[in-house]
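None of the figures in this text is laboratory data; all of them are computed from the coordinates on show. Since the structure is predicted, the reported quantities are computational estimates derived from the model, not experimental observations. A quick note on method: Cβ atoms are made from the backbone with ideal geometry, for glycine too, and the neighbour counts reach across all protein chains shown.
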Amino acid sequence: MEEWRKSLRPKIEEARAALRGVPPGELARRSGARVVGGALELEFLGATYTLTFPELVLLGPEGEAASEEEEALLLDYLVNADGTRPAGRWVGFRELPHGNFYFRAFQGYTGDELVRRLDADGFRRAAERAGGRPIPLGDLGYEFRALPLVPVAVVWWEGDEEFPPKASVLFDATAGRFLPTEGLAIVGRLLCRKLVKLAAG
């Protein structure tokens, strides 16, 4: 784990270099974040992260230093964000660049994990606690604003005598403009982990 964290540091520094000199107001315009007191506040999975200027240090919801994973992900989002609005069309992980190659692993730690840990009522309860907005997909579907311009949906099918329950994570068709596929995989994993935690709480 420590080696993996170390491997993220060059990526974090590269993102900082790309963001250095960009005014907070411009970053807010591109990303859907907001400027508060000279800092940039960015919503991620329902929590508020703060990017300080000019240091470009990312702080977590309690003012603590964000983890390397969070920092790499959110700085990458800010580098790539160009103000594109969500398309309102859902795509599966397979439809993302190189997503077909990683799909089995992604499904294993997202949708399959939800089905292993929750039932339909537990999923509904967790989705509502997480601020999910019901959408007409599957037997239960909820949209979450993972990042200001990156909606993510989780869809649940009840199953029957022939087919077991199934859950899938979907992304807005524009998601690949904001994060690479591996970054979106992390977003899906963290969202599903949050839902499991909220169902138990």
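Worth pointing out:
- With at most 14 other Cβ atoms within 10 Å, longest stretch of the chain clear of loop GluC sites (Glu not before Pro) (DSSP): 65-157
- Over the chain, relative contact order from alpha-carbon pairs under 8 Å, at least 6 apart, %: 22 percent
- The range 90-200: translational diffusion in µm²/s, Stokes-Einstein, Kirkwood Rh over Cα pairs, 37 °C, 0.692 mPa s: 238 µm²/s
- With contacts taken as Cα pairs under 8 Å at a separation of at least 6 residues, the range 151-196 carries a relative contact order of 30 percent.
- √(5λ) per eigenvalue of the Cα gyration tensor, the chain, largest first, Å: 30, 17, 16
- Reachable aspartates and glutamates from K197, criterion Cα separation under 20 angstrom, eight or more residues apart if same chain: E43, E62, E69, E70, D112, E113, D119, D121, E128, E143
- Taking trypsin sites (Lys or Arg not before Pro) in DSSP loop states with no more than 14 other Cβ atoms inside 10 Å as exposed sites, the chain has its longest site-free stretch at 90-201.
- Span from the the range 47-108 Cα centroid across to the the range 155-201 one, whole angstrom: 15 Å
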